[in-house]
Amino acid sequence: MTKATKTTTKPEKKEPVMNAVETTVEKPIAKTMEKKISKAVVMQGNEAVAKGALAAGCDFFAGYPITPSTEVAEILATELPKVGGTFMQMEDEIASICAIIGASLAGAKSLTATSGPGYSLMQEAIGFAKITETPAVVVNVQRMGPSTGMPTSPGQGDIMQSRWGSHGDAPAIVLYPDSVKEAFQLTIRAFNLAEKYRTLVVLLMDEVLGHMREAVTLPDLSTVRVINRIKPNVPPQWYKHYDENQKYLSPIASYGDGYRFHVTGLTHDDHGFPTNKPNEAAKMMERLDKKIKHNIRDLVQIETVDMEDAKVAVFAAGIMGRASKEAVKMARAEGMQVGLLRPLTIWPFPDDAVKKMLKDVKAVVVPELNQGQLFHELERLVRGRDDGRLVRINRNDGTVITPAEILKKIKEVYND
Amino acid sequence: MTKIPQRKIHDYLRHDKKFPHVWCSGCSNGIVLGAVIRAIDELKLDRNNIVMVSGIGCSSRMPVYVDFDTLHSLHGRAIAFATGIKMYKPGMKVIVITGDGDATAIGGNHFIHAARRNLDLTVILLNNSIYGMTGGQYSPATPHGARATTTPYGNIDPDFDICKLAIGAGATHVARTTAFHALELQKQIKEGIEHVGFSLIEAICACPVIFGKLNKKGDAPSMMRNMRDNSITIAAAEKLPKEQVEGKIIRGTFIKEDRTEYTQAYAELRAKVVAEDGNDD
């Protein structure tokens, strides 16, 4: 049996100690609920996203049809009006993301879902949500690219785009599930993080996960932990739209609340008014950066499988993380000491956990459906001569890498 | 029309925060801003219930000066942002401030689709025939033959008739006047805000510093005089032969009709779905 633990990494202290393993075990949302509802339902990943959004309190969706994400829109078109929410099919993806940001400024918990081509169109507005610190969630069910690519085939080409896609230098929060159940959980988490940190959160999915059907047991919705944005409690004349406390989390008023605030994509001061002053610009940029960096422990989520005594590790995300888990199981069955490190949060990157892994193992196998995007991040973190060797498996042909292929690579490096 | 003292206008401005404004001397944008404020004051609207949304450009700098909820969004996307706000809070008055380039070039798609939906937005389009903020490039509203920094040999593009575009797309209230006719503008804006449905008010504006200079239109007063002398009302235009109307700015309300408004249509849909959903149980 493989032992899986989900952990959140500790923040970097003065000396960045490798403390990823001695971390708090976070109970997955669904675990605690399984007793209440025993019935499992068969559901696809996109459906789980829609259900997760509703569970998180999503009440506004604007989107544009695109394979392989369309089911999210179809389900929410049916469900949102039933719960008093709003669904809109817009004229394009740019309009979709602008509408959800607008709705969020008016107080909505808003969502859009798209795939590569639409995600590219959204990049400018994603930057707008970040600079204006407006909560919103974007689901990108990745397909093989570039351009129109292979609309119904998987690819993991958007990992770097989800970090650096929008111009300017703003951090990103990106979550990446590996199963239908986790798609549900991470959709809720995406909303919670968006509300808590006042930013746009991206949920990356794989085409095969979006369309894959599996049996899941969803939690009793009344027990789902939902975070809502902090509302200001000061009189309007004292309100600063970008006020900060020690953790860089600030209250946010909505349009119509009587605060009469200004929002602009221009670099702005604490009140939201445009500024060209270097000190105010620096302050704004620092806040965007620090609200992520100071909360790494809360943001980063990883799963480790059999890493305690592993000599070779596999590092993979999303659907490749799932294939890797199977490969690790097969390797263990053959008596090899192999483990898995899978990031549930890919941005911010789990630096501490990866650094520890690189120290502990002699090699890390990195299977990806691209030319090596996570691999690039691992290369960044290789420091010592004794750090584990990095071995890549890349595929870019619209098919997935199978557990057997990963196992083959594990064996090659294991016996080296 | 009642005269509103200056102090009253100041009352609606963030005058202690964001002034002086960015607009050039002779620019018409301030006249339009005055007309917007007077229209809102006449309607006695609750200023906590107004959102002013703009895109990018000279005219789109307007929201920062007024004491409402304000959003200075992305180039071309004002109407898309406004759609999200209006759909989520249908009770709010959503006023969109945009320019000819912002609304009909980069934002053309959102413009026609919001008009098609008949979403209750009041779109005030300040048409100065040029991209002023970037220094004078031609827009879809730059007249044929005119000079811009990117049409150094004269503009070969035909220009949009923006009001016709809006009518064709399904807008239910469409009007046009000029910055010279400030009181007429104020009346049109007032009617636009009162109208339930997509409302476009095209305000022809003077940009003496860039468009005027490039096209030898004279100084700001002469451009204002040109608006007076070269514009006629719809009624007057109907009486004149076609040749005499050509090249003139036609002022007035082109269309004002009732058609199902989009947030109301969605509210009805929602009520219907909820009722049916209840019956299923």
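Just so it is clear, none of the values below were taken in a lab; they were calculated from the coordinates. Small disclaimer: the values here were computed from a predicted structure and weren't measured. Cβ sites come from the backbone with ideal geometry, for glycine too, and all protein chains shown count toward neighbours.
Calculated FRET efficiency, B:R47 and B:E257, Cβ-Cβ r, R0 35 Å, to nearest 0.05?
0.75
Take peptide A:261-271, look around each residue's Cβ out to 10 angstrom, count Cβ atoms belonging to other protein chains, and average those counts.
Whole-number average of other-chain Cβ neighbours for A:261-271 is 5.
Could you run the Debye sum over the Cα atoms of the stretch A:303-414, one equal point scatterer each and no solvent, and tell me log10 of I(q)/I(0) at q = 0.13, 0.19, 0.22, 0.24 Å⁻¹, two decimals?
-0.40, -0.90, -1.23, -1.48
Just checking the output field for B:270-278: average partner chain Cβ neighbours within 10 Å of each residue's Cβ?
Partner Cβ neighbours, averaged per residue: 3.
In what sequence do A:I100, A:I292 fall when counting other Cβ within 10 Å, fewest first?
Least crowded to most crowded, the residues run A:I292, A:I100.
Of all DSSP beta bridges located in the stretch B:151-281, what percent are antiparallel, nearest 5?
That works out to approximately 30 percent antiparallel.
In degrees from 0 to 90, rounded to the nearest 10, what is the angle of the helix A:70-79 Cα long axis to the longest principal axis of chain A?
50
Which aspartates and glutamates have a Cα less than 13 Å from the Cα of A:K130, not counting those fewer than 8 places away in the same chain?
Once the sequence-local aspartates and glutamates are set aside, what remains near A:K130 is A:D169, A:E195, A:E286, A:D289.
How well do other chains shield peptide B:15-23, expressed as the mean number of their Cβ atoms within 10 Å of each residue Cβ?
That works out to 1 on average.
Which residue fluctuates most in the GNM of chain A (Cα springs below 10 Å): A:G384, A:G157, A:G372?
A:G384
Can you list the residues, at least 5 places off or on another chain, whose amide H is less than 5 Å from the amide H of A:W347, using H built in the peptide plane?
Hits under the 5 Å cutoff: A:V174.
So which residue, out of B:K213, B:K86, B:K44, gets the largest mean-square fluctuation from a GNM of chain B using Cα contacts under 10 Å as springs?
It is B:K44.
Classify the stretch B:187-281 as rounded, prolate or oblate, taking a ≥ b ≥ c as the square roots of the eigenvalues of its Cα gyration tensor: rounded when a/c is under 1.5, otherwise prolate if a/b is larger than b/c and oblate if not.
Prolate.
Would you mind checking the tilt of helix B:262-280 against the longest principal axis of the Cα atoms of chain B, expressed as 0 to 90 degrees and rounded to 10?
20
Treat each spin label as a single point 7 Å out from the Cα along the C-beta direction, and report the A:T78 to B:D219 distance in nm.
Distance between the two pseudo-spin positions: 6.9 nm.
Once amide H atoms are built 1.01 Å from N in the peptide plane, which residues 5 or more positions from B:R251, or in another chain, come under 5 Å H to H?
Hits under the 5 Å cutoff: B:I232, B:T233, B:I234.
At a 10 angstrom cut-off on C-beta neighbours, averaged per residue, how do the peptides A:114-121, A:81-88, B:117-124, B:215-222 rank from highest to lowest?
B:117-124, A:114-121, A:81-88, B:215-222
For the stretch A:370-377, take each phi angle, set θ = phi - 60°, evaluate the Karplus expression 6.51 cos²θ - 1.76 cosθ + 1.60, and give the result in whole Hz per residue in order, putting x for glycine and proline.
Calculated HN-Hα couplings, in order: 6, 8, x, 8, 5, 3, 4, 5 Hz.
Kindly provide the pair-distance distribution of the stretch A:74-165 built from C-alpha pairs, with 10 Å bins from 0 and whole-percent values in order of increasing distance.
For the stretch A:74-165, the binned pair fractions read 16, 46, 31, 7 percent.
Under a plain spin-label model, where a point goes 7 Å from the Cα along Cα-to-Cβ, how far apart in nm are A:M150 and A:E412?
2.1
For B:F160, A:F261, what's the fewest-to-most ordering of other Cβ within 10 Å of each Cβ?
Fewest to most other Cβ atoms nearby, the residues stand as B:F160, A:F261.
Please turn the phi angles of the stretch A:150-164 into ³J(HN,Hα) values with the Karplus equation 6.51 cos²θ - 1.76 cosθ + 1.60 (θ = phi - 60°), one per residue in order, whole Hz, x for glycine and proline.
10, x, 10, 10, x, x, 10, x, 9, 4, 6, 4, 5, 8, 10
Which order do the peptides A:397-407, B:242-252 take when ranked by the mean count of other beta-carbon atoms within 10 Å per residue, highest first?
A:397-407, B:242-252
I need the phi-derived Karplus couplings for the stretch B:118-131: 6.51 cos²θ - 1.76 cosθ + 1.60, θ = phi - 60°, integer Hz, Gly and Pro marked x.
6, 6, 6, 10, 9, 9, 9, 9, 8, 9, 10, 6, 6, 8
With unit charges on the beta carbons (Lys and Arg positive, Asp and Glu negative) and the dipole taken about the Cα centre of the stretch B:6-280, which residue among B:G218, B:A35, B:Y262 sits farthest to the positive side?
With unit charges placed on the Cβ atoms, the residue in question is B:G218.
For the protein assembly as shown, which semi-axes, largest first and in whole Å, follow from the square roots of 5 times the eigenvalues of its Cα gyration tensor?
Those come to 52, 25, 24 Å.
GNM, chain A, Cα, under 10 Å: largest mean-square fluctuation among A:A281, A:A50, A:A316?
A:A281
Relative to the present Cα-Cα distance, how much length would full extension add between A:R297 and A:H167 at 0.36 nm per residue of separation?
44.2 nm
Run the reach check for B:K216 against aspartates and glutamates, Cα to Cα strictly under 20 Å, same-chain hits fewer than 8 apart removed. What comes back?
B:D157, B:D159, B:D229
Report the calculated FRET efficiency for A:A404 and A:Q371 (r = Cβ-Cβ distance, R0 = 22 Å), to the nearest 0.05.
So, using R0 = 22 Å, E works out to roughly 0.50.
So how long is each side of the stretch A:27-223 along the principal axes, counting just the alpha-carbon atoms, biggest first, in Å?
Sorted largest first, the three principal extents are 47, 37, 30 Å.
Which value, in debye to the nearest 20, describes the size of the charge dipole of chain B about its Cα centre when Lys and Arg Cβ atoms bear +1, Asp and Glu Cβ atoms bear -1, and nothing else is charged?
Dipole about the Cα centre, nearest 20: 1040 debye.
What does the convex hull of the Cα atoms of the stretch B:51-126 come to per residue, in Å³, rounded to a whole number?
Dividing the Cα hull volume of the stretch B:51-126 by its residue count gives 68 Å³.
To check my understanding: the extent here is largest minus smallest coordinate of the Cα atoms along each principal axis. What are those three numbers for chain A, in Å, largest first?
The Cα atoms of chain A stretch 68, 49, 45 Å along their principal axes.
Just add up the charged neighbours of B:Y262: K/R +1, D/E -1, any other residue whose Cβ is under 11 Å from the Cβ of B:Y262.
+1
Quickly work out the A:K283-to-B:E243 label distance, labels modelled 7 Å from Cα along the C-beta direction, and quote it in nm with one decimal.
So the label points at B:E243 and A:K283 sit 6.6 nm apart.
Mind listing P(r) for chain B? All alpha-carbon pairs, 5 Å bins, whole percents.
With 5 Å bins starting at 0, P(r) equals 1, 6, 12, 17, 19, 17, 12, 7, 4, 2, 1, 1, 0, 0, 0.
Divide by every residue of chain A the summed helix terms, -39500 (n - 2.57) for each DSSP H run of at least 4, and state the resulting mean residue ellipticity at 222 nm, rounded to the nearest 500 deg cm²/dmol.
-10500 deg cm²/dmol, from helical runs alone.
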